[in-house]
Amino acid sequence: MDLKTSIAWLIPLFPLAGWLLWGLFGKYFKGLSGYIASAFIGISFILSVILFFIVAYSHGFTDTLYPWVHAGIFKVGVSAVVDRLSVIMLVMVTGVSTLVHIYSIGYMQGDKGFSRYFSFLNLFVFSMIMLVMSNNLLLLYVFWEAVGFCSYILIGFWYEKKSASDAGKKAFIVNRIGDFGFAVGIFLLFFATKTLNYEKIFSMVPAMPVLTVTIIALLLFAGAVGKSAQFPLHVWLPDAMEGPTPVSALIHAATMVTAGVYMIARFHVLFSYSPTASEVVLIVGTFTAFFAAFIALTQYDIKRIVAYSTVSQLGYMFMAVGIGSYTAGIFHLISHAIFKGLLFLTAGSVMHGLSGELDLRKMGGLYSKMKITAITFIVGGLALSGIPPFSGFFSKDAILADVYNKGFYFAWAVGEITALMTAFYIFRLIFLAFFAESKVDKNLHVHESPKIMTLPMIIMAFFALTIGFIGIPPFNHSIFYNFLHVDFLNVNNFAPIVNNTPWYFLSLISVAAGLIGIYIAYLLYIRKAVDPEKIKSMFKPIYALSYNKVYIDEIYDFLIVKPLLAFFNFLWKVVDIKVIDGAVNGIAGAFAGFSVKARKIQNGMLMSYILTLSIGAVAILFYYFIR
Amino acid sequence: MEALFYVFSFIAIFSALMVVTMRNPLTSALYLVLCFFALAGFYVLLDMQFLAVMQILVYAGAIMVLVVLVIMLLNISKIKSVKTDLHQKIIGIAISLVLLVEIIFYIAYGTTKKPTGIFTHSVIDKIGNTRVVGEFLFTKYMLSFEIASILLFVAIIGAYLFAKKKF
Amino acid sequence: MDFFMKYLLTILIFFPTASIFLLLPINKKNESLLRNLSTFLSLVEFIISYYLFVYFKPDTYKFQFVEKFNWIPSFGASYFLGIDGVSLFLILLTTLLTFVSLLSSYRYIKEHVKEFVILMLLLETFMLGTFAALDILLFYLFWEFMLIPMYFIIGMWGTGRRIYSAVKFVLYTLAGSLIMLFGLIYIFIMHYNQTGNFTFNLLRLYHTNIPAGLQILLFIALFLGFAVKVPIFPFHTWLPDAHTEAPTAGSVILAGVLLKFGVYGFFRFAIPLLPTAALILAPFVIVIGVVGILYGAFVSIVQRDLKRLVAFSSVSHMGFIMLGLFALSAISVNGAVIQLLNHGIDTGALFLFVGMIYERMHTRQIKDLGGIAKKAPILTTLFLISVLASVGLPGLNGFIGEFLILIGSFRYYPVLTIIAASGIIFAAVYLLWMFQRVMFDESATSPHSSEHHAEIFEDMNLREIVTVLPLIILMFLMGFYPAPFLDRIGPTVLHFISMINHHKIVYNAIKIKAGLSNA
Amino acid sequence: MNNYLIVAGIIFCIGALGVLMRKNLIIVFMSLELMFNAANLGFVAVSDRLNLISGDIFVIFVMVVAAAEAAVALGIIVAFYREKGTIDIDKANELKN
């Protein structure tokens, strides 16, 4: 094992060690576990950066740690792929994780599950790192599920709250539905290629029938839909906000939910050879982007707004990978991880300052009381709205420009409208929370968060401001593009560029959309030019639709959950107890009934016994006779 | 010899019929003794004198004495006569007739194996039939013989227990 | 040592019986000594069985530790023992679970302790004998003897309608077994007619030529016997009753070991003895296996009794195993065997936890339970691990088995495999929902019992932790590093598959001749 | 030999007739003895025909059994009579249920 492979394997080792340490001996560490855990992840981050430079200045590699499952021709090892794509992801994951860990020390201070929290958080980081590094589908699937499990356990971290444990369960089960498709995709892939190793699969894909590739790609995409909370499996993500806020920042904004995008980027060969599957990805992504933004317009729970914006932004990423602009998708993934992580951390800070209050209607005027939080939040909001020079501008516009230039005008138009809506709802949140007149409970002591929380926020805000510059010169020939493009050379270019509209023209439109959105929010909530209530009553049905999240949960409950439960009850009460067990008991009963009858033959009369005996003898003789 | 066979057959069948038809058990018992004697005669005809003697000793002697003793013991005259109802008679006769027909058909149409043993009449006569039986009984069938003796022992105990006044 | 190695299997099988004589002179009243000694003896037994693992040669499919003595020469019955990779692990599972269940019953079994431990040890002998026997008659004897101790364990120490459940269990399995016996004897006679030798030697009976039509009839006979034991879907109704009413130790043994015999019977007897019939009927078996997966899962979702829920989940899991076994591909059979062990470990552990909760709360109704997580963090954590292993979470053992089964069967039965795979969704639904309701939520309506008990709910003590710890460790071990298991199972399975494949060629030739195949 | 067998058969059937027809326990018992003897005759006849000795040996065992049976049966009859005051076979219905 040479240096770079040992570095690669050391990266997941630290979080794993952390998990075991806090999980088993957490109670002996008390408050210390937070610092040590952060240090562990920090080491992983440093190692990731080192690995990043190793890979950047040499080339990627793969390595197998040990053979894992060998059964017949099914041979899978615990093996890692380290290329440019995975090191970028590694740096992002460990970096954001480090900051979130540090933030959590302050946020979770005094919680009785402090060590438990860090143990699971470390387990999550471990799983996420392994997910990114895995070199075969089985390992990917393992950690794909493992991050889902961590999400489950962390959403339900405050299990005393029924809503929290419900949300955790919902997240796990909805993810499982996606994973079911993912698993079937793996089966089909194994059936078609007899291997689960990435390189071997990719080398075989061009020769495979398009239909097979399409089906496999769509099934894998089903997993991505579940994990990345795309329509129609997005329902778990808003509920997942029941978990501690740093968890939302790490898992439900920066890392786990982007695993779907990463997976498609990783399987770009597969998707690019199936234009149909890519088109489905594009459609789902576009629709989700719009749909989630629409819901976010009217919500009052700040975390839910940010959650829906996550769903919406993930939609953008799927748009990108759906048109074959994988670098753009990953770029948005990175920048989104930072600014959305930032938004969640600041939202957590608001929550912390208001003792857990999340309702926008009970906030206002917080700017003066928590300046750092407010400013960093605004940085995040501007990045989300795509205002230059914040990172969201570069990454989102890279996607939209590609969508336009590749000729998907409708998707582009939807993307622009969504951008407007995005700017509106995030600034609605900012204005209502920080600038409008205060509706905060007078008894509440509003305070800025401690340094240990604000420091990560400031660092994040710094990167949210600057990370976009790796996208310069914008779009197809940026530093980032040139760096990452190396990994995407073997794609089938199914969506060629048809326009050559200059980027500044297109980005002008997006920036305009963003600014309009912000301005509308300003008019409504600061200038009070129009009373929001009036608009509300003007578009009552649409408002209700948005406010009630398009009734998706209710529809699922009514159309799927209730009938299924009734059916299951029928199966148990009627089929199992009455029919099957009834048949068994019926047979037993028939024997018993027959026995009651047969007992009458035993009338105790010796003569009748003798009679029966002799008739039997006669009959037997008769049988021999006629034989 | 032929004539003797028919004489014995007639006696046997006739006395057997009498056994089952006589009303008085004592008469039946006496006819049964007669029947046993006739059977003993058959055994003599079949060159098994030892068996014939045993037949008379065990059956006609021991068992029948026991039966007669019991009949006396129960003081049969005091028992109100046990009546037989008609349908039972009919069923009995019918079944036994069918049985008889079957047996006769079976014997008539059945195939007989070739003689396989070595104990022809002359061999048995040379050794002596008692000795033949005895030798077999105490060598090859030793175990069965012992078991039979145990059975008898058990039967004695059983009979004693049953006949005891209270048990 | 030589002697020990030579007769290792015999020593292993009869050590528990022999140890009963050690327990017999102990006074009935001295319960703690009885418990400790019997647990210790079962631990010794496990250590003996561990020797099997150590000295087992992993690179051959041949039977090892073979012992053969004439028993009833006139019938060709012999005392013929031997193990291969599959029975090796099932034996290890048996000895481990016996130890675990004896250890688990310290608190649950309060009356007739002596009888209980003696019956458990006796049961262990019979179970081990069944796994090690390579002579059909010997196998059948052990197979039927098993019912007797189990009957008493359910009937004497059970709860609720225990007599009903015990009788149902015994009659149901007995009825199946008798039909199976008929089939086995028929094969025995067929073999006699062909070779003129009486033999119950399984390895020689493998070479009996049976025409396809007759094979199907015989297979159905054997199928009924094994299917009841598995249990496959329409023959499963004894299982919820027996599991629910049995004491914890009984449930653990029942789920952990007894259910394995059905599958083991298919693997060792039904399929190799009647390969053509197995090939013809495999699709049907798989269909009812898949129906069982979904059916078990669906019915589990709406159960109200904690133990009954776990029992129905067994039906679902056994459906997976049947799917894997009858798909007859090397990967899926490997998976089925692994899943067989997993099911023993996971469901065994689940029953242990259910038992612990029952001991504390005195109820198994899910609606009366709740809020345990606050009081008992260790119990919650370990219970959660077992639940997740049962759900098939990657990294734990359940995943490896399920995945191998599904990926192996996909090649031959894609549609059915996809339907079966949807079972993993429902597994998550019923187990996690159950876990939430039992451990997290406050009990909804509990006028008297549980509210009070939940307040004084005590966490697991050291004995209980020791009880489940081996199982938990195995869950992780088999999830992260299944190589030691797969390496030993692999050659056996490969041999099994090659036996079947040989017949597949013959079978296909027949099909072509009959014009059934378009090939 | 067939003649002997036919005679044995006839006696056997008469015995059966007695068993079926009569209700007096003692006569039933005697009819049974008749049937025994018919069987004995058959054994001896066949054994004679096939030049075997085992049939004759068997007859001896039958006699032993018959003797034992007689002892027990008569004991039962006595006990039965003492219990019921009759020897009507129809009164022997204690086996019911």
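Filter the stretch D:48-74 for residues that are surrounded by 19 or more Cβ atoms within 10 Å (Cβ to Cβ) and either more than 8 Å from chain B (Cβ to nearest Cβ) or aromatic (Phe, Trp, Tyr) (or both) and give the result.
Correct list: D:GLY55, D:ALA73.
Take the residues in the stretch B:18-27 that are facing chain D (nearest Cβ under 7 Å) and more than 14 Å from the chain's Cα centre (by Cα); name whichever of them is farthest from D:GLY18 (Cα to Cα).
The residue in question is B:PRO25.
Among the residues that make up the stretch B:49-69, is at least one of them outside any helix (DSSP H, G or I), assigned by TED's automatic domain parsing to the domain that holds B:ALA29 and modelled with pLDDT of 80 or more?
no
Could you tell me whether the stretch A:194-206 includes any residue that is within 12 Å of chain C (Cβ to nearest Cβ), of a type in the set (Val, Ile, Thr), assigned to a loop (DSSP other than H, G, I, E, B) and within 26 Å of A:VAL69 (Cα to Cα)?
Yes, some residue in the stretch A:194-206 is within 12 Å of chain C (Cβ to nearest Cβ), of a type in the set (Val, Ile, Thr), assigned to a loop (DSSP other than H, G, I, E, B) and within 26 Å of A:VAL69 (Cα to Cα).
Suppose the filter is in contact (Cβ under 8 Å) with a residue 12 or more places away in the chain, closer than 20 Å to A:TYR159 by Cα and not aliphatic (A, V, I, L, M); does C:PHE351 pass it?
No; evaluated as a whole, the condition is false for this residue.
Evaluate the stretch D:75-82: report whether one residue or more is of a type in the set (A, V, I, L, M, F, W, C), within 14 Å of chain A (Cβ to nearest Cβ) and over 30 Å from B:ILE150 (Cα atoms).
no
Restricting to the stretch C:183-196, what's the tally of residues that are of a type in the set (Gly, Ala, Ser), loosely packed, with under 13 Cβ neighbours inside 10 Å and assigned to a helix (DSSP H, G or I)?
So the answer is 0.
Taking the stretch C:330-370 only, how many residues are touching a Ser or Thr at 6+ places or on another chain (Cβ under 7 Å) and among the small types (Gly, Ala, Ser)?
Residues that pass the stated criteria total 4.
Looking at A:ALA222, A:ALA164, A:ALA217, which one is at the interface with another protein chain (Cβ under 10 Å from one of its Cβ atoms) and in a helix (DSSP H, G or I)?
None of the others qualify; the one that does is A:ALA164.
If you check A:PRO450, A:PRO473, A:PRO502, which single one turns out to be within 18 Å of A:SER391 (Cβ to Cβ) and either out of contact with any Lys or Arg (no Cβ under 7 Å at 6 or more places or on another chain) or modelled with pLDDT under 75 (or both)?
Exactly one residue qualifies, and that residue is A:PRO473.
Which condition does C:ILE153 not pass, out of (1) within 20 Å of C:TYR264 (Cβ to Cβ); (2) in contact with a Gly (Cβ under 6 Å, 6 or more places away or on another chain), if it passes all the others?
With (1) within 20 Å of C:TYR264 (Cβ to Cβ); (2) in contact with a Gly (Cβ under 6 Å, 6 or more places away or on another chain) applied to C:ILE153, the lone miss is (1).
Among the helices (runs of 4 or more DSSP H) contained in the stretch C:197-303, which hold 3 or more residues that are in contact with a helix residue (DSSP H, G or I) (Cβ under 8 Å, 6 or more places away or on another chain) and hydrophobic (A, V, I, L, M, F, W, C)?
Those helices (runs of 4 or more DSSP H) span C:212-229, C:238-245, C:248-253, C:259-265, C:275-301.
Hey, could you check the stretch B:111-134 for residues that are within 9 Å of chain D (Cβ to nearest Cβ) and either under 30 Å from A:PHE625 (Cα atoms) or among the charged types (D, E, K, R) (or both) and say which is surrounded by the most Cβ atoms within 10 Å (Cβ to Cβ)?
So, considering only residues that are within 9 Å of chain D (Cβ to nearest Cβ) and either under 30 Å from A:PHE625 (Cα atoms) or among the charged types (D, E, K, R) (or both), the one surrounded by the most Cβ atoms within 10 Å (Cβ to Cβ) is B:GLY117.
Starting from residues that are surrounded by 24 or more Cβ atoms within 10 Å (Cβ to Cβ) and among the hydroxyl-bearing types (Ser, Thr, Tyr), keep the ones in the stretch C:340-399 and report whichever is farthest from the other protein chains (Cβ to nearest Cβ).
Applying the filter and picking the extreme gives C:THR347.
For the stretch B:89-102, what are the residues that are at the interface with chain D (Cβ under 7 Å from one of its Cβ atoms), farther than 11 Å from D:GLY18 by Cα and at pLDDT below 85?
Correct list: B:ILE91 only.
Just one of the numbered conditions (1) within 16 Å of A:LEU131 (Cβ to Cβ); (2) modelled with pLDDT of 85 or more; (3) in contact with a Gly (Cβ under 9 Å, 6 or more places away or on another chain) is not true of A:TRP68; which one?
(2)
The values are calculated or read from the model by the stated rules, or taken from the named source; none is laboratory data. This structure is a prediction, so every number in the text was calculated from the model and none was measured. Because the Cβ atoms are built from the backbone with ideal geometry, glycine has one as well, and the counts that use them run over all protein chains shown.
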